[in-house]
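Have a look at this one.
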Amino acid sequence: MRIFRPLVATIFLFTQILWTPSYAQEAKKRIAVFPFADANRAAQEEGYGAAVSEMLTTKLVNDGVFQVVERGRIQEMLEEQKLQVSGIVDAGTARRIGSILGVDLLVFGGVSKFGEIIEADVRLVDAGTGEVIAAEYEKVLGEEQLRAMVERLAVKLERRYTTRPLKPPEVPKLAKPRRTWLWVTLGAVLVGGGVAAVLSARRGPSPLPEPPEWPEPK
């Protein structure tokens with residue numbers, strides 16, 4: 001029995017090592033998410049840029065695929081270096097930021113709003129070379145789907161660096177705009193014409209005008 005127990009423990013440990021998913025051994029890259037730019041006035045009025053970058057940071061932290069730099073450290077660096085980073089930056093600035101923060105990847109982006117449609121563009125940049133590695137895009141209808149949109153963007157970035165089976169949240173597809181006004185107008189015309197025809201049929205044919213009276217010759 002004393003020999004049997006260590007043997008079982010050894011077999012169990014060996015089995016766990018063999019069946020450990022490969023993503024458990026993946027080296028995590030350090031990543032920094034910068035405030036997103038508000039690409040148009042409508043997005044600026046709502047402050048979508050800051051909100052989207054904050055949601056993206058939260059998602060990346062929770063998923064654990066990357067080592068995410070704290071937003072406070074990023075803001076501190078920007079103030080110390082007197083940098084105004086909004087949207088995408090040039091390769092030289094990206095390398096400089098990467099060196100200061102000690103990160104491998106940088107995330108920049110922008111948010112736009114057109115009516116009820118909200119769109120977000122994301123750029124993943126190699127901090128060592130300043131090269132754009134990936135560019136992703138998502139759009140949703142209405143603010144209630146904003147977080148789902150951001151989480152889908154996060155999963156697209158994460159899938160490049162992990163074999164973990166990540167599933168993005170579902171968002172309703174945007175329906176094509178219907179030309180309701182055209183059908184309403186056409187229906188009104190048809191209904192109006194039909195009513196006029198019915199009333200005309202009930203009244204019968206219009207009487208002919210009386211002939212003019214000519215004066216009698218003297």
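The values are calculated or read from the model by the stated rules, or taken from the named source; none is laboratory data. These numbers were taken from a predicted model, which means no experiment stands behind them. Positions of Cβ are backbone-derived with ideal geometry, glycine not excepted, and every protein chain shown enters the neighbour counts.
At positive phi and modelled with pLDDT of 85 or more, is that true of GLY47?
Judged against the criteria, GLY47 is a match.
Here is a further query. Please indicate, with yes or no, whether at least one residue in the stretch 51-66 is of a type in the set (Val, Ile, Thr) and over 17 Å from the mean Cα position of the chain (by Cα).
Within the stretch 51-66, one or more residues are of a type in the set (Val, Ile, Thr) and over 17 Å from the mean Cα position of the chain (by Cα).
For the stretch 109-123, what are the residues that are farther than 13 Å from PHE36 by Cβ and either assigned to a strand (DSSP E or B) or out of contact with any strand residue (DSSP E or B) (no Cβ under 7 Å at 6 or more places or on another chain) (or both)?
PHE114, GLY115, ILE117
Being over 12 Å from VAL33 (Cα atoms) and either in contact (Cβ under 8 Å) with a residue 24 or more places away in the chain or buried (at least 23 other Cβ atoms within 10 Å of the Cβ) (or both) is the filter here; which residues of the stretch 98-108 pass it?
Within the stretch 98-108, SER99, GLY102 qualify.
Another one. Could you grab me the full set of residues in the stretch 46-82 that are loosely packed, with under 15 Cβ neighbours inside 10 Å and farther than 27 Å from LEU146 by Cα?
Correct list: GLU76, GLU79, GLU80, GLN81, LYS82.
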